[in-house]
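Notes to accompany the following structure.
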């Protein structure tokens, strides 16, 4: 599985709705490799954002027709709007990530592990404060009952993720962290769990022997 995930993140293998994400991720990664600023710093992310915006402009990925009257909710990391009866769109400014590349990796990992709620990258937009947001589309999930967090824990444990604290998990075999899985980010429909908001991080161990 680790090799499969590595191939997805590097663009060598396919994943649902992955092509557009893999393409911009590869562009950002290759464009950033020539820089000398350390990843994780504020200056690095600023430079990386400029690279992302260059790609957006060159590929006509600016979105200017979002219907903000369809607002549903928001958290620290994103704003959610109803797109139609079957989909929502989410605006994410990558506040939870050290880089845009890390955010793109998160999308790809989510689409691999939870393909039924896979993210489709539509484009990008800016707010009135000039903050850049990725715009993704996701299936709308109708909640039929409140999510049992113990059921989430059991499901993830069966799939190699150990509960580290509260709603955070770690897969030691893969070197992947998965966080923030409370009952608003994992919904239940007819007894089935739907992971709609995930925060994946790759540790250094993930890249060992790759």
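The figures follow:
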{"read-out": "Residue match in the range 101-117 (condition: under 28 Å from residue 190 (Cβ atoms), at pLDDT 95 or above and assigned to a loop (DSSP other than H, G, I, E, B))", "value": "yes"}
{"read-out": "The range 124-152: number of residues that are surrounded by fewer than 19 Cβ atoms within 10 Å (Cβ to Cβ), within 21 Å of residue 95 (Cα to Cα) and in contact with a helix residue (DSSP H, G or I) (Cβ under 8 Å, 6 or more places away or on another chain)", "value": "1"}
{"read-out": "The range 45-79: number of residues that are without any contact (Cβ under 8 Å) to a residue 40 or more places away in the chain and more than 17 Å from residue 123 (Cα to Cα)", "value": "9"}
{"read-out": "Out of 170, 200, 155, sole residue that is surrounded by 12 or more Cβ atoms within 10 Å (Cβ to Cβ), in a strand (DSSP E or B) and out of contact with any helix residue (DSSP H, G or I) (no Cβ under 8 Å at 6 or more places or on another chain)", "value": "170"}
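A quick yes/no check of all residues on (1) crowded, with 19+ Cβ neighbours inside 10 Å; (2) more than 18 Å from residue 23 (Cβ to Cβ); (3) out of contact with any helix residue (DSSP H, G or I) (no Cβ under 6 Å at 6 or more places or on another chain):
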site	(1), (2), (3)
91	yes, yes, yes
95	no, yes, yes
101	yes, no, no
106	yes, no, yes
109	yes, no, yes
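The values are calculated or read from the model by the stated rules, or taken from the named source; none is laboratory data. Because the structure is predicted, anything quoted here is derived from the model rather than measured. A quick note on method: Cβ atoms are made from the backbone with ideal geometry, for glycine too, and the neighbour counts reach across all protein chains shown.
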